[in-house]
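Asker: Quick one: the structure is below, and I'll ask about it shortly.
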Amino acid sequence: MDEKTGELLTAPALAQRVGWAADLVSAMVADLMAGHWNVADVDVLAAGEDAGGRKLPSNAWMALRRLGWTVAAPAKVNDRIVRMAQEQAGRALRSAKWRADLTAGVLTSWPADPGRRTPEEWDAVREAVPGGQWLASSVIKSRTRQITAFVKKHGRLPGDVFEAEDEPRTARMLLLSACDGQQATIERAGEPGCALLRLQLPTRPAPQSYKDWAWVACPITLPPTIPANAVLHLPTLRPHGSRVRADLAYTHPVPKTTRTGHTIALGVDWGLNTLLSAGAARLHTDGRITALAGGAMFRAAGVLAKQHRLRRLSERLHAKADQYQRLTAGREQHALAVRHTTLREEIRHVCDRRSNLNEALAWAAARWAIDQAIAAGATVIYVEDLRSMEAVGMGRTMNTRMSQAVRGQIVDRMRHLAAESGIAVATVPPRDTSRHCPHCLAVLRHRKAPDRPTTPGWKWALCPGCGYQGDRDQGAWKRIAARGLTHQARTAVDRTTGALAIRSVVDTLEACAVITPAPKTRRDRSKTGPTRHTPTRPTPRRRRTPSPTSRHRPVGQRPEGHAHTDRPRLPRAARRHQDVTTISTPTTAGHRPHGATLGAGFHLHAHATPPRWEHIPESDTTPDSGPLS
């Protein structure tokens with residue numbers, strides 16, 4: 001509602017006003033990025049000190065003002081609108097520092113063959129990159145490929161990341177967190193689950209005076225995931241079509257996580273069709289480690305299939321767009337220029353669909369893992385660190401499926417959700433988690449299936465030492481949980497992100513990372529005396545058993561017998577393989593049924609209608625009627 005006029009604004013009208021304000025902020029952000037997208041300014045901002053040696057504030061907009069980096073507003077705006085532009089530009093410039101250092105390290109130790117570094121070249125690049133000792137090799141390789149593409153296009157190495165990359169695209173959004181009460185306020189409304197956001201928005205595209213700004217009250221329905229005692233913070237507004245999306249931040253107390261002292265841990269292993277395999281393990285006081293249950297699996301075959309179809313569609317659209325680009329040669333008057341523009345919009349739409357699908361999959365998988373940990377009473381989750389794994393050498397299909405995995409997003413969401421429950425999330429080295437037996441650490445033999453023990457494969461694992469056998473992923477999560485519990489004293493905390501990680505494996509500790517098999521609970525069935533005779537009467541075959549008759553039906557009916565009976569349900573044998581979900585009888589010429597199964601109808605492939613146990617009126621039934629249903 002517009003508080004000045006009392007007018008009720010529709011969702012499209014509100015989105016239009018937010019869009020006008022976002023356009024003003026985006027224009028100022030673009031000017032700031034264009035003037036300071038260079039090595040010198042980024043280094044000054046990242047150094048954390050101004051010219052007088054004073055420490056820069058943590059807020060980006062205050063740091064930019066301390067350095068004197070101002071911007072001219074394109075219209076009549078208040079100072080809080082300029083703050084939002086400086087905050088957004090300052091965050092982008094601060095985040096560029098890490099990419100600049102990484103690119104400088106890769107350029108300093110540029111290898112002779114960018115496609116294949118030698119061990120000495122790998123050591124050199126890790127020494128040149130800050131924190132390169134623990135940096136994933138996939139990050140260095142991706143930066144190398146980016147520089148290689150620049151060399152192929154320009155015939156020389158770039159000077160820095162600011163030459164290799166263009167200025168980042170400015171997002172249309174309003175960072176209300178950089179404002180104070182003179183621009184925006186938020187408070188809980190009278191009803192539970194509701195909040196009221198008040199902010200100043202322009203009433204025209206290019207406001208010429210402060211009269212063109214008005215306070216607008218926006219009620220927000222809070223999702224049920226926000227606790228009632230949470231403190232709400234000013235959100236980030238993003239215009240999206242005819243609606244406005246609010247990224248609302250809130251603060252509430254959560255249990256504190258610990259680095260060590262865990263006795264129950266959840267091990268999580270990555271897979272393909274089975275995206276996640278997880279199970280809990282307990283560390284006993286005597287040092288033994290036992291599995292609490294058989295484990296669980298998170299399958300996402302349908303989502304991955306949808307993702308694969310979108311990827312193939314995106315590849316075809318990119319190929320057509322590249323062909324249009326070659327034909328038009330950048331000429332806007334060309335006949336194919338309009339079609340090329342339309343195709344680029346379709347590519348963006350498909351990319352958004354893929355991003356949304358990955359986001360939904362990441363949240364669903366992370367939520368499932370946290371639920372497993374809560375149910376098992378675990379205080380820590382140990383996950384394989386597969387950041388350096390690349391999808392190469394496993395065939396076209398397998399490489400594609402591996403490259404589409406959203407492992408990084410799942411771990412990030414897992415850390416976020418686990419923090420609310422006081423559960424720590426730590427990564428462990430993936431070395432030999434699927435190769436060694438979880439019970440004796442012997443090298444496993446992998447076969448195609450449990451009923452094909454001589455056919456090489458990867459799904460089923462057999463241990464030649466202790467005789468253990470099981471699913472490959474199920475054995476892997478046991479190894480991950482045991483490794484995390486034995487190495488928890490070596491868990492390191494990242495100073496920047498606070499993430500927990502076990503970065504190396506110690507052989508002496510690894511020798512103790514074994515799962516003790518559960519003792520067998522079956523009673524002793526060894527022969528100690530004569531077998532007691534139990535009088536039994538063998539059941540005759542179904543064809544030889546006389547079927548019941550009644551006054552309604554002189555001749556009984558098979559295979560299920562007459563429905564008019566005093567029995568509450570058919571015997572177990574008569575119900576076997578007779579449900580509606582049973583496969584119907586094939587019509588192929590080569591079909592050979594197994595014959596009549598004892599007490600189970602004509603044969604195993606029969607599809608019979610389930611019986612209905614109600615009284616059938618005499619007028620509705622004749623001796624010549626068909627089967628009952």
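The values are calculated or read from the model by the stated rules, or taken from the named source; none is laboratory data. This one's a predicted model, so the numbers in the text were calculated from it and none came from an experiment. Here the Cβ positions follow ideal geometry from the backbone for every residue, glycine too, while neighbour counts run over all protein chains shown. Accessible surface is based on the protein model in full, side chains and every heavy atom, while ligands, DNA and RNA are left aside. Shrake-Rupley method; radii C 1.70, N 1.55, O 1.52, S 1.80 Å.
Asker: If you scan segment 462-478, which residues turn out to be of a type outside the set (F, W, Y) and not in a strand (DSSP E or B)?
Answerer: C463, P464, G465, C466, G467, R472, D473, Q474, G475, A476, K478
Asker: Among the residues of segment 488-507 satisfying the criterion of being open to solvent by 100 Å² or more (accessible area, probe 1.4 Å) and either out of contact with any Lys or Arg (no Cβ under 9 Å at 6 or more places or on another chain) or free of Cβ contacts under 8 Å to residues at least 12 places away in the same chain (or both), which is nearest to P430 (Cα to Cα)?
Answerer: D507
Asker: Hey, among the residues in segment 282-296 that are within 24 Å of D371 (Cβ to Cβ) and part of a loop (DSSP other than H, G, I, E, B), which one's least open to solvent (accessible area, probe 1.4 Å)?
Answerer: Filtering first and then ranking leaves G295.
Okay, residues lined up against (1) open to solvent by less than 40 Å² (accessible area, probe 1.4 Å); (2) at pLDDT 90 or above; (3) more than 30 Å from T427 (Cα to Cα):
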residue	(1), (2), (3)
E127	no, yes, no
P130	no, no, no
S142	no, no, no
A149	no, yes, yes
K152	no, yes, yes
F162	yes, yes, yes
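Residues checked against (1) exposed (fewer than 15 other Cβ atoms within 10 Å of the Cβ); (2) out of contact with any helix residue (DSSP H, G or I) (no Cβ under 8 Å at 6 or more places or on another chain); (3) among the polar types (S, T, N, Q); (4) not in a helix (DSSP H, G or I):
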| site | (1), (2), (3), (4) |
| --- | --- |
| F298 | no, no, no, yes |
| G302 | yes, yes, no, no |
| L310 | no, no, no, no |
| L317 | no, no, no, no |
| R326 | yes, yes, no, no |
| T341 | yes, yes, yes, no |
| R348 | yes, yes, no, no |
| N358 | no, no, yes, no |
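Asker: Test G287 against the criterion of being out of contact with any helix residue (DSSP H, G or I) (no Cβ under 8 Å at 6 or more places or on another chain), in contact (Cβ under 8 Å) with a residue 60 or more places away in the chain and more than 30 Å from M84 (Cβ to Cβ), and give yes or no.
Answerer: Considered against the rule, which asks whether it is out of contact with any helix residue (DSSP H, G or I) (no Cβ under 8 Å at 6 or more places or on another chain), in contact (Cβ under 8 Å) with a residue 60 or more places away in the chain and more than 30 Å from M84 (Cβ to Cβ), G287 comes out as yes.
Asker: Moving on. Restricting attention to segment 69-85, does a residue exist that is aliphatic (A, V, I, L, M), surrounded by fewer than 16 Cβ atoms within 10 Å (Cβ to Cβ) and over 27 Å from V129 (Cα atoms)? Explain how you work it out, then say what you get.
Answerer: At the first step, the residues of segment 69-85 found to be aliphatic (A, V, I, L, M) are 71-73, 75, 77, 81-82, 84-85.
Filter once more, so that each one left must be surrounded by fewer than 16 Cβ atoms within 10 Å (Cβ to Cβ): 72.
Okay, now just the ones that are also over 27 Å from V129 (Cα atoms), so 72.
Yes, the conditions are met somewhere in segment 69-85.
Asker: Find all pairs meeting these conditions: Cβ atoms under 7 angstrom apart; at least six residues apart or on different chains; first residue within segment 291-314 and under 25 Å from T263 (Cβ atoms); second residue assigned to a helix (DSSP H, G or I) and modelled with pLDDT of 85 or more.
Answerer: Once the first residue is under 25 Å from T263 (Cβ atoms) and sits in segment 291-314, its partners that are assigned to a helix (DSSP H, G or I) and modelled with pLDDT of 85 or more give A291/K478; L292/A376; G295/Q474; G295/W477; A296/Q372; F298/A365; F298/W368.
Asker: Here's another thing I want to ask about it. Report every pair of residues separated by at least 6 positions or lying on different chains whose Cβ atoms are under 8 Å apart, first residue within segment 170-198 and surrounded by fewer than 13 Cβ atoms within 10 Å (Cβ to Cβ), second part of a loop (DSSP other than H, G, I, E, B) and not hydrophobic (A, V, I, L, M, F, W, C).
Answerer: Note: pairs meeting the criteria are Q182/N78.
Asker: I'd like the full set of residues that are among the charged types (D, E, K, R) and over 16 Å from V244 (Cβ atoms), limited to segment 191-206.
Answerer: Once the filter is applied, which keeps residues that are among the charged types (D, E, K, R) and over 16 Å from V244 (Cβ atoms), segment 191-206 yields E191, R204.
Asker: I've got another one for you. Can you name the residue in segment 405-426 that is touching a strand residue (DSSP E or B) at 6+ places or on another chain (Cβ under 7 Å) and in a helix (DSSP H, G or I) and is also most open to solvent (accessible area, probe 1.4 Å) among such residues?
Answerer: R415
Asker: Then there is this: Inspect segment 203-212 for any residue being assigned to a strand (DSSP E or B) and surrounded by 19 or more Cβ atoms within 10 Å (Cβ to Cβ) and give the result as yes or no.
Answerer: No - not one qualifying residue is present in segment 203-212.
Asker: Name the one entry in T185, T170 that is assigned to a loop (DSSP other than H, G, I, E, B) and of a type in the set (S, T, N, Q).
Answerer: On inspection, the qualifying residue turns out to be T170.
Asker: Given the conditions (1) surrounded by 12 or more Cβ atoms within 10 Å (Cβ to Cβ); (2) out of contact with any His (no Cβ under 9 Å at 6 or more places or on another chain); (3) of a type outside the set (A, V, I, L, M); (4) outside any strand (DSSP E or B), and given that G115 satisfies all but one, which numbered condition is not satisfied?
Answerer: With (1) surrounded by 12 or more Cβ atoms within 10 Å (Cβ to Cβ); (2) out of contact with any His (no Cβ under 9 Å at 6 or more places or on another chain); (3) of a type outside the set (A, V, I, L, M); (4) outside any strand (DSSP E or B) applied to G115, the lone miss is (1).
Asker: Out of segment 1-57, which residues are part of a helix (DSSP H, G or I), open to solvent by 50 Å² or more (accessible area, probe 1.4 Å), among the charged types (D, E, K, R) and in contact (Cβ under 8 Å) with a residue 60 or more places away in the chain?
Answerer: The one that is part of a helix (DSSP H, G or I), open to solvent by 50 Å² or more (accessible area, probe 1.4 Å), among the charged types (D, E, K, R) and in contact (Cβ under 8 Å) with a residue 60 or more places away in the chain: D23.
Asker: Hey, another quick one. What number goes with the only condition from (1) at pLDDT 75 or above; (2) farther than 30 Å from H416 by Cα; (3) surrounded by 13 or more Cβ atoms within 10 Å (Cβ to Cβ) that G475 does not pass?
Answerer: Result: G475 passes all but (2).
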